[in-house]
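S.K.: Next up is a structure, given as structure tokens.
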Amino acid sequence: MTRNRLFQFLSIFFGIGILCAIELLLRVNGTFAHTVLSPTLPSDWKISGIPAAGQPQSTMLVRDGNTIHLSQMAKSHMKTPSFELEPETRRIFTFGGSATLGVPVEDQPEQTFPGQLSALLAQVGVPNETLYLGGASFGSDHVNVLANEVKSLSPSALLIYSGNNEYFNFGLALSQENPRYQTGKIYVQSLHTVRLLNHLFGRGPTQLTISYEQIKFEQDIKLAELIQGVLYNEPNSIIWEDGLAVRNDSITQTVANRFKNNLRSVLDAYPGQTVIIGEVPPNLFEPPWLSLHHPDTSQSTQSAFTERTSSIQFLPCEDAIHEWEKLIQMDAWRADAWYGLGVCQHELGLEYETSLRNALELDMNPGRPTAALNAVLTELDGADVIRFSAFEDTNDFGRSLFHDSCHLTPEGYGTVAKDFRNALIAQGWAF
């Protein structure tokens, strides 16, 4: 061995030795020990703008003489036509998100559920003025604000179809509450020496230009990390009852309590008046948006899970169904595995409801109501709550009536209109 090669070998050897010594000292010192700080949960989010997470601070309905119309800000999210201060007949207000707005047929008011409801009531001899106060991304915060705004506008009935945007608005609030929260990956590099170098030299150069798609991608990643950061400290927050996942995490509790308080506020503002709440049906056949690992899942298991998921998706269900079951055994928190299993069970004629409901419950940022949200409706004493019969299990949970995760087809909106009409007739409106 030449002198130069010996020198190189000894340099590498001593270099590795020095790094190992630094790593050992850092581990003993504990300065760069791995900890995951839990993000701050939003408690009372009130932000100017629509549909900013929570109650908008600006008025959405504006009076101009004897005419009521949308404020300039509200026009970007709502399509409610102008109407007179005093109605000539019974006035019904409908509240909710984009499903109440009527997406994807919002430009055809007669196809939306408020439009179809108005026609159905007219057919049974009930003259009415049915106004839709739904807005893109609106949640129960907006319902609460709007319900208070229309108190002086002679409402005969209030119909509420809300629940799809509760977690969405919470996600906005969570991001706004933690603007500087950075976790990197939950399971970060294990070497304390690398963390020291990252600390000394920063995270690298800042990208000066970024596309809209990249911004959206980064926002989705940050939201996933925020939610994973909350759940990292709540490894036992999923309770299993007869094979069904029951969420009991702080996110679910926060969202469900806010949903309940908003609806309770509306009911308290209209004592003895007609307020009907529809239990918004979830589309069980919608793939989960945010599928997270159990906090105790190792990084190697996560990688193996991802690789197997990619390959299973291309298998026929006869072969894939057992692979999905194996993945669930690896990590029972994964919504995408439950969804894959449920779809295959449905295709093969097996019982599938449990799997698809677990996929929905474990979707950590769903655009659909979870069981916890629907359970809130049973806690509203004295509330007139209806379930839409066309979305029961006897009809494949209304699969053909959905346009996407939460919006309905015109036929789907028609079924909602019919059940709201029946509920109004049951309250004595058939005259």
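S.K.: Hey, can you tell me all the residues within region 374-431 that are open to solvent by less than 50 Å² (accessible area, probe 1.4 Å) and aromatic (Phe, Trp, Tyr)?
M.R.: Matches in region 374-431: Phe388, Phe391, Phe397, Phe402, Tyr413, Phe420, Trp429.
S.K.: Also: Quick check on region 137-155. Is at least one of its residues open to solvent by 10 Å² or more (accessible area, probe 1.4 Å), in a loop (DSSP other than H, G, I, E, B), touching a residue at least 40 places away in the same chain (Cβ under 8 Å) and in contact with a Gly (Cβ under 7 Å, 6 or more places away or on another chain)?
M.R.: yes
S.K.: Quick check on region 265-284: of everything there that is open to solvent by 20 Å² or more (accessible area, probe 1.4 Å) and over 16 Å from Lys151 (Cβ atoms), which residue is farthest from the chain's Cα centre (by Cα)?
M.R.: The selected residue is Glu279.
S.K.: Quick one: which of Glu177, Glu166 is surrounded by fewer than 20 Cβ atoms within 10 Å (Cβ to Cβ) and either closer than 23 Å to Leu25 by Cα or modelled with pLDDT of 80 or more (or both)?
M.R.: Only one candidate qualifies: Glu177.
S.K.: Sticking with this structure for a sec: Please work out which residue is surrounded by the most Cβ atoms within 10 Å (Cβ to Cβ), limiting yourself to region 113-136 and to residues that are part of a loop (DSSP other than H, G, I, E, B) and on the phi < 0 side of the Ramachandran plot.
M.R.: So the first thing to find is which residues in region 113-136 are part of a loop (DSSP other than H, G, I, E, B), and the list is 124-127, 135-136.
Within this subset, residues satisfying the condition of being on the phi < 0 side of the Ramachandran plot are 124, 126-127, 135-136.
Numbers: Val124: 12, Val126: 18, Pro127: 11, Gly135: 28, Ala136: 16.
This residue is Gly135.
S.K.: Separate question: Tally time: how many residues in region 82-107 are open to solvent by 40 Å² or more (accessible area, probe 1.4 Å), within 32 Å of the chain's Cα centre (by Cα) and in contact (Cβ under 8 Å) with a residue 40 or more places away in the chain?
M.R.: Residues that pass the stated criteria total 1.
S.K.: Can you spot a residue in region 227-244 that is assigned to a helix (DSSP H, G or I) and either open to solvent by 20 Å² or more (accessible area, probe 1.4 Å) or of a type in the set (D, E, K, R) (or both)?
M.R.: Checked against the condition, which is being assigned to a helix (DSSP H, G or I) and either open to solvent by 20 Å² or more (accessible area, probe 1.4 Å) or of a type in the set (D, E, K, R) (or both), region 227-244 yields at least one hit.
S.K.: Here's another thing I want to ask about it. Check Asp396, Asp336 and return the single one that is free of Cβ contacts under 8 Å to residues at least 12 places away in the same chain, closer than 26 Å to Ala320 by Cβ and not in a loop (DSSP other than H, G, I, E, B). Before the answer, list the steps.
M.R.: Details: Asp336 fails: free of Cβ contacts under 8 Å to residues at least 12 places away in the same chain.
One residue alone meets the criteria, Asp396.
S.K.: Provide a single number: the residues in region 259-293 that are touching a residue at least 12 places away in the same chain (Cβ under 8 Å), over 24 Å from Ser389 (Cα atoms) and among the small types (Gly, Ala, Ser).
M.R.: The number of residues fulfilling the criteria is 3.
S.K.: Among (1) more than 16 Å from Ile277 (Cα to Cα); (2) assigned to a helix (DSSP H, G or I); (3) within 20 Å of the chain's Cα centre (by Cα), which single condition is Ala375 missing?
M.R.: For Ala375, the exception is condition (1).
S.K.: Sticking with this one: Residue pairs, Cβ under 9 Å, 6 or more apart or interchain, first in region 222-236 and free of Cβ contacts under 8 Å to residues at least 12 places away in the same chain, second of a type outside the set (Asp, Glu). List them.
M.R.: Partner pairs satisfying both residue conditions: Asn236/Asn248.
S.K.: Just one of (1) surrounded by fewer than 21 Cβ atoms within 10 Å (Cβ to Cβ); (2) outside any helix (DSSP H, G or I); (3) at pLDDT below 95; (4) of a type in the set (D, E, K, R) trips up Arg368, so point out which.
M.R.: (1)
Residues checked against (1) modelled with pLDDT of 90 or more; (2) aliphatic (A, V, I, L, M); (3) more than 28 Å from Ser38 (Cβ to Cβ); (4) out of contact with any Lys or Arg (no Cβ under 7 Å at 6 or more places or on another chain):
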residue: Leu231; (1), (2), (3), (4): yes, yes, no, yes
residue: Trp240; (1), (2), (3), (4): yes, no, no, yes
residue: Val246; (1), (2), (3), (4): yes, yes, no, yes
residue: Leu263; (1), (2), (3), (4): yes, yes, yes, yes
residue: Pro271; (1), (2), (3), (4): yes, no, yes, yes
residue: His293; (1), (2), (3), (4): yes, no, no, no
residue: Ile312; (1), (2), (3), (4): yes, yes, yes, yes
residue: Cys317; (1), (2), (3), (4): yes, no, yes, yes
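S.K.: Within the bounds of region 323-331, is there any residue that is within 26 Å of Trp240 (Cβ to Cβ), at pLDDT 95 or above, among the aromatic types (Phe, Trp, Tyr) and not in a helix (DSSP H, G or I)?
M.R.: no
The values are calculated or read from the model by the stated rules, or taken from the named source; none is laboratory data. Keep in mind it's a predicted model, so treat the numbers as computed, not measured. Methodologically, a virtual Cβ is constructed for each residue, glycine included, from the backbone with ideal geometry; neighbour enumeration extends over all protein chains shown. With ligands, DNA and RNA removed, areas are computed over all heavy atoms of the protein, side chains included. Shrake-Rupley method; radii C 1.70, N 1.55, O 1.52, S 1.80 Å.
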